[in-house]
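The values are calculated or read from the model by the stated rules, or taken from the named source; none is laboratory data. Since the structure is predicted, the reported quantities are computational estimates derived from the model, not experimental observations. No Cβ is skipped: glycine too gets one built from the backbone with ideal geometry, and neighbour counts run over all protein chains shown.
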Amino acid sequence: MGRNIVEKILYNHVVEGQLEKGTTVGIKIDRTLTQDSTGTMAYLQLEAMGIDKVKTKQSVAYIDHNMLQQGFENADDHRFIQTVANKYGIYFSKPGNGICHQVNLERFSVPGETLLGSDSHTPTAGGVGMLAIGAGGLDVALAMAGEPYYIEVPKVVKVELTGKLNSMVSSKDIILEVLKRETVKGGVGKIYEYGGDGLKNLSVPQRATITNMGAELGATTSIFPSDEKTKEYFEAQGRLSDWSELIADDDAIYDDIIKIDLGELVPMVAAPHSPDNIKSCSEVGEIKVDQVAIGSCTNSSYEDLMKVSRILKGRKVADDVSLVIAPGSRQVMEMIAKNGALADIISSGARILENSCGPCIGMGQSPGTDAVSIRTFNRNFYGRSGTNSAQVYLSSPEVAAVSAIYGKLTDPRNIDFDVDFEDITIDKFLIDDSMIISPSENPQNVEVVRGPNIKPFPLNTKLEDVLSGKVIIKTDDNITTDHIMPSNAKLLPYRSNIPYLSKFSFSTIDENFSDRAIENNGGFIVGGENYGQGSSREHAALAPLYLGIKGVIAKSFARIHKANLINSGIIPMEFENDEDYNLVDQEDYNLVDQMDDILIENVLEGITKGRMKIVNKTKNTSFYVSTKFNDKEIEMLKFGGKLNSIKLKNTAEGTNA
């Protein structure tokens, strides 16, 4: 029996367990990446492990999120990351060099290897055939320390692409179509592997757009073959020696197959406030647009911005529209500056931002009150833009640029001028890695610099057999990590200061959550479906941990956030939906309300057996929850988190020695 691409990579990287569906395996991680929003915490955790040098083939620390330096905090964090990288054998990409996923794709991606990143859009590298997975900072720190990364063996879904995209329809429309069919929770426990004869018409940047936004499916990752198109990209990047062919066997088996005829796709958008709220441009209609933002790790490549420049050339942005553009890397910026495309963009009236994440994470350029903002980004969660009342639509660069000109959402197929994209491909990229700093050859002489804003990360205590407390908050479905721990220009500088950051936990939907948690000595959170979707930020677990949250009871969890809760020693519990017990999760969900008193006895037995009884003392009712964990997760929860379990394990080994 033949193997698909995912199986081929996993078979070469499994170091613990067997590749059987439903089981957990440990895989060797070849490379890691961090960014500054999650990196400070990851490197504090790496330091706590007591190693001298990272044990991966290569690890890279990027600065791309916290670029506004209104105070000392961001600059201090950047200095900390640079000195840690210098000391521990990590490459450092300086501020201004670009967004981690774009630079990684250009300069560090390698087909057939594994990549673990402390950012949920790490799967971008799947565009060249890497098995690239987003994770919490602690898991990335452990990978740098040489530990395996543990995943449940995923289902592999083939997305078979046929035909060719029509003019003004883009790869963004492909992933929007997948999201329309699969939803933001449809990819949990799955990897999406793309194939079919439609691939021959998709460049690496187009493929990377798809794998990048595949994170919104809740999937473990997405991946493309490494083929002739990939080879062309590596050759143009001057890295042909890093390329190798990686394709699925003809008789490869998949758990499911999705078929998409590219010729049938039309320009689409994701309407507020979810990446799976997909509508065609014609369905939404020509609504007035106030702001257009082009960039992010999804659509900031050279190819994307060349298309934008062709659309904008000789034309002007509508009078009442603000158009901002952020190239994905210095390579992209310098190339469009040298060939004149940047001049065409500037001449149109666009504002040029730094090569960074910028408005995608709420770091500047927040829309006005009730404004409509069209963005080429990957997420339009409520409040993520920095303006709660804004209506954010996600689109392709073509839709965004055309809409900026007309001042209204416009199907780019309906423009009254001609645009030619035929000659925007390039045989050779401009190569200048001078803003990537190699680690020190004398690490013993490097002093790690810490600013006063960097505080120790919180640690849990050993799990008690009886847990009790109030329900501090009850939420709806699809609560994101942006809800749990908001990310904006005011809060991002405090990513290394959990005590301060915790004051703003859930603040976009309940500004009293933090005070209520403190007043009640912590307690529990009750959530709906897909709790914790979105970013990999472990701060969404660390802040509740600091506030004393003991457990989260939800209908279902997003993969990364569930892992982060376990890493922090917070128990994720799922409402049971099992016909054997005649229970339905929605009914159980309705049995509990905010500020109810909860009691859980025999906790240690419950996490081992996979089922616990929840007693609602306030309503004098009870229900059961599922607590199915593997042996390693049970160990982590018992010790109060992953770091505690590692410390105790190391202490025991030292004693035995």
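So in region 486-501, with the set limited to residues that are under 21 Å from the mean Cα position of the chain (by Cα), in a helix (DSSP H, G or I) and of a type outside the set (A, V, I, L, M, F, W, C), which one is surrounded by the fewest Cβ atoms within 10 Å (Cβ to Cβ)? Per the stated criteria, the residue is Y494. Taken over region 532-567, the criterion of being touching a residue at least 40 places away in the same chain (Cβ under 8 Å), in a strand (DSSP E or B) and more than 15 Å from the chain's Cα centre (by Cα) is satisfied by I549, K550, G551, I553.
Residues A236, A219, A208: which one is farther than 16 Å from E303 by Cβ and of a type outside the set (D, E)?
Values: A236 fails: farther than 16 Å from E303 by Cβ; A208 fails: farther than 16 Å from E303 by Cβ.
Sole residue among the options that is farther than 16 Å from E303 by Cβ and of a type outside the set (D, E): A219.
Go over the candidates Y406, Y393 one by one and state the one that is crowded, with 24+ Cβ neighbours inside 10 Å, touching a residue at least 24 places away in the same chain (Cβ under 8 Å) and aromatic (F, W, Y).
Values: Y406 fails: crowded, with 24+ Cβ neighbours inside 10 Å.
Just a single option satisfies the conditions, and that option is Y393.
Selection within region 175-224: residues that are closer than 17 Å to N380 by Cα and of a type in the set (K, R). The member of this set that is modelled with the lowest pLDDT is K185. Among the residues making up region 31-68, a single one is acidic (D, E) and in contact with a strand residue (DSSP E or B) (Cβ under 6 Å, 6 or more places away or on another chain): D64.
Which residues, counting only those in region 239-281, are among the hydroxyl-bearing types (S, T, Y) and farther than 30 Å from K57 by Cα? Quick ask: steps written out before the conclusion?
Let us first name the residues in region 239-281 that are among the hydroxyl-bearing types (S, T, Y), namely 241, 244, 254, 274, 280.
Across region 239-281, the qualifying residues are Y254, S274, S280.
Of all residues in region 385-420, those being more than 24 Å from T480 (Cβ to Cβ) and aromatic (F, W, Y) number 2. One residue stands out among those in region 409-425 that are charged (D, E, K, R) and in contact (Cβ under 8 Å) with a residue 40 or more places away in the chain: the one that is surrounded by the fewest Cβ atoms within 10 Å (Cβ to Cβ), which is D420. Residues that are more than 23 Å from E73 (Cα to Cα) and either loosely packed, with under 15 Cβ neighbours inside 10 Å or more than 28 Å from the chain's Cα centre (by Cα) (or both) within region 449-470 comprise T461, K462, L463, E464, D465, V466, L467, S468, G469, K470, listed in sequence order.
Yes/no per residue for (1) surrounded by fewer than 24 Cβ atoms within 10 Å (Cβ to Cβ); (2) touching a His at 6+ places or on another chain (Cβ under 6 Å); (3) of a type in the set (F, W, Y):
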site: G126; (1), (2), (3): no, no, no
site: I133; (1), (2), (3): no, no, no
site: L138; (1), (2), (3): no, no, no
site: A141; (1), (2), (3): no, no, no
site: K172; (1), (2), (3): no, no, no
site: E182; (1), (2), (3): yes, no, no
site: Y192; (1), (2), (3): no, no, yes
site: D197; (1), (2), (3): yes, no, no
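Looking only at region 319-353, filter to residues that are touching an Asp or Glu at 6+ places or on another chain (Cβ under 9 Å) and among the charged types (D, E, K, R); which one of those is surrounded by the most Cβ atoms within 10 Å (Cβ to Cβ)? For region 319-353, the residue satisfying everything is R330. Is there any pair with a first residue in region 292-318 that is surrounded by fewer than 24 Cβ atoms within 10 Å (Cβ to Cβ) and a second that is at pLDDT 95 or above and acidic (D, E) whose Cβ atoms are under 6 Å apart and which are 6 or more apart or on different chains, and what are they? Going by the 6 Å Cβ cut-off, the qualifying pairs are K313/D344.
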